[in-house]
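Just so you know, all these numbers are worked out from the coordinates, no wet-lab data involved. Note that the structure is a prediction, hence the values are computed from the model and not measured.
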Amino acid sequence: MVEIVILRLSDRSTQPMTNNYMLNRSLTLKLWLLAIVLAKALPINSPAYGQIIQPIPQQPESFQERMRQQQEERTQQTQEQLKETWLRLNLQQPQLQQQQKIQQQEFTRQRQELIRQQQFRLQQQETRLQQQQFTQQQQFRIQDQQLRQDQQIRQQQQFRLQEQRRQQELRQQKNNL
């Protein structure tokens, strides 16, 4: 569209130099400047870019052609990578699901094993505590028995001593008579 306007303005350039001619020439210059600015501002792969500046046909390896080819190559590589990724994901999805299921089962098994070990440790601790309590009770019983025996022995000794004194007193009384 810009090119058409430029051609129309340049067609009038053959008229005699008047105010209109100067105005048209100014407009033409402004349009050319606008076209150059647009050409630099638009991306290289834009269709508008190709309409404003055409590559020179004698130079097959022009900068614009190389840039266009590189862009096409990058686009093709990206599309191929996306396709490979899509295929890999869709083909490997069942395998990934199976692996995930196996990992989940392994995690569950390990967790259950850990819980079982913790329960076993708790049972062992409880058993140890019960054994300690039983041992303490046994020790208390033994101490209690020893105390009773000691008391009985003391009582018996006291009784013997008392009996001996009584016997001795009786002997003395007999001797005194």
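Taking 23 Å as the straight-line reach from the Cα of Lys30, the lysines in range (excluding those fewer than 8 positions away in the same chain) are Lys40.
For segment 128-177, how big is the tail of P(r) above 15 Å, as a whole percent of Cα pairs?
That tail contains 65 percent of the Cα-Cα pairs.
Excluding same-chain neighbours fewer than eight residues apart, no lysines are reachable from Lys83 by a Cα-Cα span under 16 Å.
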